[in-house]
Amino acid sequence: MRSTTPNDVHAVADAVILDVREPGELAQARIEGTLDIPLGELVERVTEVPSDTTVYVLCHAGGRSAQAAQYLESRGIDAVNIDGGIVAWHRAGLPVTLGGAS
């Protein structure tokens, strides 16, 4: 499984980012324009994931997204894990929309 850094993903024009975090996590911090499918729903919703482009997979810190990327690769989708998840994305100073706890 391949992985990359948040900065490298942010530099890709029109990157497809799949966020596999839960809705409550998305409410706290999210990247605008992501495809949001919780890891537990990925198998039943895999047809929503584009298969004609590279998909960059994101979670909180990198564990769930690594699992998701491996699954997507097994389905023939070019998936790349984002190292460090949204935590690393935020620490790198990249755009994140922060929300309050709901």
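The values are calculated or read from the model by the stated rules, or taken from the named source; none is laboratory data. As the structure is a computational prediction, the values presented were derived from the model and not from experiment. Cβ placement follows ideal geometry from the backbone for every residue including glycine, while neighbour counts extend to all protein chains displayed. Note: areas computed on protein heavy atoms with side chains; ligands, DNA, RNA excluded. Shrake-Rupley method; radii C 1.70, N 1.55, O 1.52, S 1.80 Å.
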SASA check, Y56, accessible area w/ 1.4 Å probe, all protein chains in place, rounded to nearest 10 Å², comes out at 40 Å²
Among S65, S51, S74, the residue with the largest mean-square fluctuation in a Gaussian network model of the chain built from Cα contacts under 10 Å is S74
Charge tally for neighbours of P38 with beta carbon under 10 Å away, counting Lys, Arg as +1 and Asp, Glu as -1, is -2
GNM of the chain, Cα pairs under 10 angstrom: of G63, G85, G33, the biggest fluctuation goes to G33
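Kindly give Rg over Rh for segment 59-102, based on alpha-carbon atoms, with the Kirkwood expression for the hydrodynamic radius. Before the final figure, lay out each step's value.
Working: Rg = 12.6 Å, Rh = 11.5 Å.
We get a ratio of 1.09 for segment 59-102.
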Rounded to the nearest 10 Å², the accessible area of D8 using a 1.4 Å probe with every protein chain kept is 90 Å²
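Give, rounded to the nearest 20 debye, the magnitude of the charge dipole that segment 11-102 has about its Cα centre when Lys and Arg contribute +1 at Cβ and Asp and Glu contribute -1 at Cβ. Present the calculation step by step, with values, prior to reporting the outcome.
Working: 6 positive and 13 negative charges, 56 e Å.
With only Lys, Arg, Asp and Glu charged at Cβ, the dipole is about 280 debye.
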Taking Lys and Arg as +1 and Asp and Glu as -1, residues besides R2 with C-beta under 10 Å from its C-beta add up to -2
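Please calculate how many Å² of accessible area segment 11-102 carries per residue, with a 1.4 Å probe and no DNA, RNA or ligand atoms counted.
Numbers: 4680 Å² over 92 residues.
Each residue of segment 11-102 exposes 51 Å² on average to a 1.4 Å probe.
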Helix 63-74: inclination vs the chain longest Cα principal axis, degrees, rounded to 10, gives 20 degrees
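Indicate, rounded to the nearest 5 percent, the antiparallel portion of the DSSP beta bridges found entirely in the chain. Working shown, then result.
Numbers: 2 of 14 bridges.
Of those bridges, close to 15 percent are antiparallel.
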Mean-square fluctuation maximum in Gaussian network of the chain, Cα pairs under 10 Å, restricted to D83, D52, D36, hits D52
Only helices counted: for the chain, with every DSSP H run of 4 or more residues adding -39500 (n - 2.57) and the sum spread over all residues, [θ] at 222 nm is -8000 deg cm²/dmol
For A69, the net charge from surrounding residues (Cβ-Cβ under 12 Å; K, R +1; D, E -1) works out to 0
P(r) over all Cα-Cα pairs of the chain, 10 Å bins from 0 to the longest distance, whole percent per bin, short to long, reads 17, 55, 26, 2
Once both label points are put 7 Å beyond Cα along the C-beta direction, the E48-D14 separation in nm becomes 2.2 nm
